[in-house]
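**Q** Before I ask anything, let me first share the structure, which is written out below as structure tokens.
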């Protein structure tokens, strides 16, 4: 049984979600990118993105709460990849405060997102992750995701090429 409460995000959660996303993303990308390619996430752009996501449900956003404090979130919806079937969902982002890593918050968020995707008729779910993000790769592989090797792609991050791979699993 998880000690975390999972609930849909509300408009008042957008600032906290933005702050968590920026802190964790900055930590991850600072380790993956050369110093001259790393640029901290813009709080203004991030806040606008998460406000819109919560308001319009694209992606759907759930938060993990411990006590009264939001400690993580997940954004999920149908896959954004071209040519995928409507039964394929995607974890757009799953982020947990480092102080709650390895404590079940990520798993609670994943379980809630999986249920949401099942309710939407999704039978498969994917996520794109940077190849150098070993913690996230390990988490998702322990959650039953498998790497789709032919899916590897290169994305541009501030002029630096970063390799990503798609992972996939059933929603069962």
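**Q** Which value results when the Cα radius of gyration for region 102-152 is divided by 2.2 N^0.38 Å?
**A** Rg over 2.2 N^0.38 Å, computed on Cα atoms: 1.21.
**Q** Beyond 18 Å, what share of the Cα-Cα pairs of region 1-71 remains, rounded to the nearest whole percent?
**A** 46
**Q** Please report, in whole Å, how far the alpha carbons of the chain spread along each principal axis, starting with the longest.
**A** Taking the Cα atoms of the chain, the three principal extents are 40, 33, 31 Å.
**Q** Which whole-number percent gives the relative contact order of the chain, counting Cα pairs below 8 Å spaced six or more residues apart?
**A** Value for the chain: 20 percent.
**Q** Could you work out how far apart the two model spin labels at residue 147 and residue 30 are, taking each label as a point 7 Å from the Cα in the direction of the beta carbon, and quote it in nm?
**A** Computed distance between label sites residue 147 and residue 30 equals 2.7 nm.
**Q** Relative to the present Cα-Cα distance, how much length would full extension add between residue 155 and residue 99 at 0.36 nm per residue of separation?
**A** 17.3 nm
**Q** Multiply the residue gap between residue 39 and residue 118 by 0.36 nm, knock off their C-alpha separation, and tell me the result in nm, one decimal place.
**A** Roughly 24.8 nm would be gained on extension.
Each reported figure results from applying straightforward, stated rules to the coordinates on display, with no laboratory input. Given the structure is predicted, the values throughout are model-derived calculations rather than measurements. In this analysis, Cβ positions are derived from the backbone assuming ideal geometry, glycine residues included, and neighbour counts consider all displayed protein chains.
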